[in-house]
Amino acid sequence: MKYMNNYAVEFNNVSFRYHEDEPWILKDVSFKIEANKTTAIIGHNGSGKSTIAKLMNGLLLPEHGQIYIYGTRVEEESIWDIRREVGMVFQNPDNQFVGTTVKDDVAFGLENRGIPRLDMQKRIDETLKAVGMIDYLLHEPYRLSGGQKQRVAIASVMAITPSILILDEATSMLDPLGRKEILETVQHLRKKDNLSLIMISHEVNEMIKADYVIVMEDGKVSIEGTPKTIFSSEDRVKEVGLDIPLVTEFALSLKRHGMELESNPLTHEELLETLWTYHLKT
Amino acid sequence: MDISFENVDYIYQPNSPFQFQALKNLSFEIKSGEFVAIVGHTGSGKSTVIQHLNGLLRPTHGKTKIGDFTLTSDHKPKDMKSLREQVGIVFQYPEHQLFEETVEKDISFGPANFGVATEQIKERVKTSIEAVGISTDLLNRSPFELSGGQMRRVAIAGVLAVEPKVLVLDEPTAGLDPKGRKEIMNMFYRLHKEKGLTTILVTHHMEDALKFSDKVIVLEKGTKYLEGSVQEVFSNQARLNKVQLDIPEILTVVKEINNRFGLSIDYQGQSLDELAVQVSVGLKGLKKHE
């Protein structure tokens, strides 16, 4: 597929509903996602986030509006090209397995794309190592625990090296370390392979690491911007039913108790720095 | 119901190439009425423990006691049905198990299966759907027309309608947004108190373990790694980190502030505002000494 512009994904006035007599899931949604960046799409359950993911690789097609992947419009004719570019990992790994062993499962996508055997073995090893599942090569996927299954599902998608990777709440079942490993892995790959990463999530700690955040509410874009801008409007974020980072909330509480802190920290380091600056100044 | 595991081993597919020992010499006790969190990372044996709690699995070696029921590899209680009636399990993503035409039929399925009289079932359906915060107007709807959050609540109502004495929750809030997560956890805690249940919460959310449980059991590779009160377990940050678990974020924040400024604030479940006052007072105190 030709890369015709710098936007990995573009939604132009997209509206979608499952049936004519049903309510709109997305109503006139427009946004642009820059290539090679991490973008978080957040919103409460039922806000239309997952529908966006399915529209991005043509699993669903919009009723109105246009969707472009690197400038190529997503439509019936382009679907197979699009799907080579847009890898997707869903929330429930049980619906994503085809192989009888972990190894076969990762191999499946590669075989479909006619990757030579030697390359296949190398990629299977690499991706399974990256998700910490190399010791399970010959295990049966259905016997793995939820988190392990999800790591294999991520490996299977990564193995075919898509240019856009969508994680649709894909880390929601992992334990804290598993989640951290996956996030580090996908960030590493994003930088190495120029991957555009789209994270659909309500994990606040995943959002603060994103370059850009799109907040969905009732099928519309509610706010968008960098994590700093988003979380500076505490009330707005809470209204949408989302958490703000613990340290941001704590800083706001400190301010309410008379401490004039300089900024809204998003990470522990930023909180400590802000407190330190305050301490030196007063 | 008192629950105990005594030196439990569990081996999946023994004597086959797939042989895998999921539990090793695991012993612990849970007292009737306790709220216990079981934490551990992926593959630590949590799911295998859950399946022992209602006799879906029996130990390969050792013994499990669930109330009056004793299970070993060669002893299966005659009345397994009664055991399963008393131990309700909310599995991960319970909404995937919905199958009936209407919400009412789905919730009725459990109690009907355990031979509860029709009139009583009606009563229980009503009580349990109210307990999960869903309007009785939805009783005649197909469960598949509901939102994900509503479907989960209906599935939970189905477990509650059996009126178990022990409630086992396997990551009950996975996939829910923060608001839904808080609502569901508060609901379980309320039921735990109101009905005097014994509740076992299997979770990765250290925050939930901190907030709700009387006791925490940490599993690692099928063995018991740590056990104790919330304070005891979470004071072992180094040991938890060693098995790739972390302490609740609020404890980390307090610790980092203490280290950076030489304060000694003790976290005892106070609110963020209360902590803010302590930090503010602490920093002012430092100034005076300089």
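The values are calculated or read from the model by the stated rules, or taken from the named source; none is laboratory data. Computed from a prediction, not measured in an experiment: that's the story for all the values here. Cβ coordinates were reconstructed from backbone atoms using ideal geometry, including for glycine residues, and neighbour counts include every protein chain displayed. What goes into the accessible areas is simple: the full protein's heavy atoms, side chains included, and nothing from ligands, DNA or RNA. Shrake-Rupley method; radii C 1.70, N 1.55, O 1.52, S 1.80 Å.
Numbers at a glance
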read-out: Helix axis angle, A:268-281 relative to chain A longest principal axis, alpha carbon, degrees; value: 20
read-out: Partner chain coverage, peptide A:78-84 - average Cβ within 10 angstrom; value: 0
read-out: Degrees separating the helix B:118-131 axis from the principal Cα axis of chain B, which is the longest one; value: 20
read-out: Accessible surface of the protein assembly as shown [probe 1.4 Å, protein heavy atoms]: carbon and sulfur percent; value: 48
read-out: Whole-angstrom gap from the stretch A:84-124 to the stretch B:203-280, using each part's C-alpha centre; value: 39
read-out: Solvent-accessible ranking of B:61, B:205, largest area first, probe 1.4 Å; value: B:61, B:205
read-out: The stretch B:75-188: relative contact order in percent, alpha carbon pairs under 8 Å with at least 6 residues between; value: 42
read-out: Protection proxy ranking of A:247-255, B:235-243 - average other beta-carbon atoms within 10 Å, highest first; value: A:247-255, B:235-243
read-out: Accessible solvent surface per residue of the protein assembly as shown, calculated while the other protein chains remain in place, 1.4 angstrom probe, Å²; value: 45
read-out: Protein accessible surface hidden between A and B, which excludes ligands and nucleic acids, total in Å², probe 1.4 Å; value: 3700
read-out: Label-to-label distance, nm, for residues given as residue A:63 and residue B:237 (7 Å Cα→Cβ offset); value: 5.3
read-out: Calculated [θ] (222 nm, deg cm²/dmol) that DSSP helices of n ≥ 4 give over chain B, each run adding -39,500 (n - 2.57); value: -12500 deg cm²/dmol
read-out: Chain A shape via C-alpha gyration tensor axes, a/c threshold 1.5; value: oblate
read-out: Solvent-accessible ranking of A:272, A:59, A:110, largest area first, probe 1.4 Å; value: A:59, A:272, A:110
read-out: Per-selection Rg to Rh, the stretch B:248-290 - Cα, Kirkwood hydrodynamic radius; value: 0.97
read-out: Relative contact order computed over chain B (Cα-Cα under 8 Å; 6+ residues apart), in percent; value: 22
read-out: Euclidean distance between Cα centres, the stretch A:161-186 to the stretch A:203-266, Å; value: 22
read-out: Packing-based ranking, highest mean first, of B:255-263, B:97-105, B:75-83 given that Cβ atoms within 10 Å are counted; value: B:97-105, B:255-263, B:75-83
read-out: For chain B: rounded, prolate or oblate by the Cα gyration tensor [a/c cutoff 1.5]; value: oblate
read-out: Relative contact order, percent, the stretch A:53-94 [alpha-carbon distance under 8 Å, six or more residues apart]; value: 35
read-out: 222 nm mean residue ellipticity, helices alone, for chain A (DSSP H n ≥ 4; -39,500 (n - 2.57); rounded to 500); value: -12000 deg cm²/dmol
read-out: Shielding score for A:242-249, defined as the mean number of other chain Cβ atoms within 10 Å; value: 3
read-out: With all protein chains modelled, accessible area of residue A:267 [1.4 Å, Å²]; value: 40
read-out: Inter-chain shielding of B:245-258 (mean C-beta neighbours from other protein chains, 10 Å cut-off); value: 3
